[in-house]
Amino acid sequence: MIELDDSYFIAKGNNRSCFRHPLDPAKCIKVDTLKKMGPTEKEARYYQTLARIRPDLDYSYVPRFYGFVETNLGRGGVFDLIMDEGSLEVSKTFEFYLKDGRVAADDPLWIEAHRRILEGLFRDSIIIRDLHVRNFCARKMLDGSIRLVAIDGIGHRDFIPLCNYSRWAANRKLRRQIARKDFHSLDAIIHRFNLPRELRRLGGKKRTA
Ligand SMILES: Nc1ncnc2c1ncn2[C@@H]1O[C@H](COP(=O)(O)OP(=O)(O)OP(=O)(O)O)[C@@H](O)[C@H]1O
Ligand SMILES: [Mg+2]
């Protein structure tokens, strides 16, 4: 059994805590904090499906999933730990940089990062259910660019999983999620991020009102 303690702790979301893997510095362990059949279990199922339907998936934009391990805090999912390229520094989230005021709508660095993640997700037809800025790590690359990596909300919960069989359906679903969460442009993301929480749920609809 793997012992996790505060010295490995990275961050916590609403549903799970993320730790560095004590035995592998390139990986992290995510432990569900609330429910038994938590989000990691559901994500794991989608990863299993992905391995089957997208055997050549480019894991630049989503971490790899390596299965489960037993820890002192319960069962944990093992994933790639997203670190800045060429360093052991865990990448900060996209939300961190937005809060910090470092993301401007006209900044080519961030425009390109945003363009590339969408391009990558559509190319591989990967669905991200929870498109929220806290669910992306912003990886600093050695060439000075930023690479956004989706670290949470990967997959869908459709009862009839049409989008596992049809890329067209998967991309349509992804497009809808993007529209719903105002993820289509960097400008829209920044605008939504700056909206009060209650307006964010309306998809920033007050914008043109
Ligand atoms: N693969 C990873 N590499 C680096 N950091 C990660 C990784 N996965 C998660 N994190 C960090 O841990 C935090 C919590 O992880 P995650 O978003 O998966 O938890 P959650 O509880 O499912 O989130 P939410 O509150 O969005 O439901 C992230 O915001 C991020 O800071
Ligand atoms: Mg999250």
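The values are calculated or read from the model by the stated rules, or taken from the named source; none is laboratory data. Everything numeric here is computed off the predicted structure, so don't read it as measured data. Cβ sites come from the backbone with ideal geometry, for glycine too, and all protein chains shown count toward neighbours. For accessibility, only protein heavy atoms count, side chains too; no ligands or nucleic acids. Shrake-Rupley method; radii C 1.70, N 1.55, O 1.52, S 1.80 Å.
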Say a paramagnetic label sat at a point 7 Å from the Cα of GLU41, along Cα to Cβ; which residues of segment 77-108 have their backbone N under 13 Å from it? 77
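Membrane-span-like helices in the chain: DSSP H runs reaching 18 Å or more (Cα, own axis), mean Kyte hydropathy at least -0.5? Walk me through the numbers on the way to the answer.
Details: long enough: 39-53 (21 Å, -1.14); 108-124 (24 Å, -0.30); 167-180 (19 Å, -1.47).
Flagged H segments are 108-124.
Compare GLU198, GLU112 by solvent-accessible area with a 1.4 Å probe and give them largest first, with all protein chains kept in place.
GLU198, GLU112
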Output the peptides 101-109, 65-73 sorted from most to least packed, where packing is the average of other Cβ atoms within 10 Å over each peptide's residues. 65-73, 101-109
Is it possible to state the helix-based mean residue ellipticity at 222 nm for the chain, with each DSSP H run of 4+ residues giving -39500 (n - 2.57), the sum divided by total residues, to the nearest 500 deg cm²/dmol? What is it? -9500 deg cm²/dmol
Need the full-extension length gain, ASP100 to ARG54, defined as separation in residues times 0.36 nm minus the C-alpha distance. One decimal, nm. 12.9 nm
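List the trypsin sites (Lys or Arg not before Pro) within segment 149-202 that fall in a DSSP loop (any state other than H, G, I, E or B) and whose Cβ has at most 13 other Cβ atoms within 10 Å. Can you show the working numbers first?
Details: sites: ARG157, ARG167, ARG172, LYS173, ARG175, ARG176, ARG180, LYS181, ARG192, ARG197, ARG200, ARG201; in loops: ARG157, LYS181, ARG201.
Those satisfying the criteria are ARG157, ARG201.
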So which chymotrypsin sites (Phe, Trp or Tyr not before Pro) in segment 138-184 are both in a DSSP loop and have at most 16 other Cβ atoms within 10 Å of their Cβ? PHE159
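In segment 1-33, what trypsin sites (Lys or Arg not before Pro) fall in a loop by DSSP, with at most 12 other Cβ atoms inside 10 Å?
Values: sites: LYS12, ARG16, ARG20, LYS27, LYS30; in loops: none.
Sparse-neighbourhood loop trypsin sites (Lys or Arg not before Pro): none present.
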Over the chain, with every protein chain in place, what whole percent of the accessible area is carbon and sulfur at 1.4 Å, could you tell me? 52
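Would you please give the FRET efficiency between LEU199 and ASP24, computed as 1/(1 + (r/R0)^6) with r the Cβ-Cβ distance and R0 = 35 Å, to the nearest 0.05? Could the numbers behind the result be given before it?
On the way: r = 42 Å, r/R0 = 1.20.
Between LEU199 and ASP24 the formula returns 0.25.
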Plugging the Kirkwood radius over Cα pairs into Stokes-Einstein for the chain, at a temperature of 25 °C and a viscosity of 0.890 mPa s, what D comes out in µm²/s? 137
What nm value, rounded to one decimal, do you get for the distance between SER166 and PHE9 when each label is placed 7 Å out toward the C-beta? 4.7
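What accessible area per residue, rounded to a whole number of Å², is obtained for segment 10-107 using a probe radius of 1.4 Å?
Working: 5120 Å² over 98 residues.
That works out to 52 Å² for each residue.
Rank by packing, highest mean first: peptides 145-152, 118-125, with packing defined as the count of other Cβ atoms within 10 Å averaged across residues. Before the final figure, lay out each step's value.
On the way: 145-152: 22.1, 118-125: 17.6.
Averaged packing, sorted descending, gives the order 145-152, 118-125.
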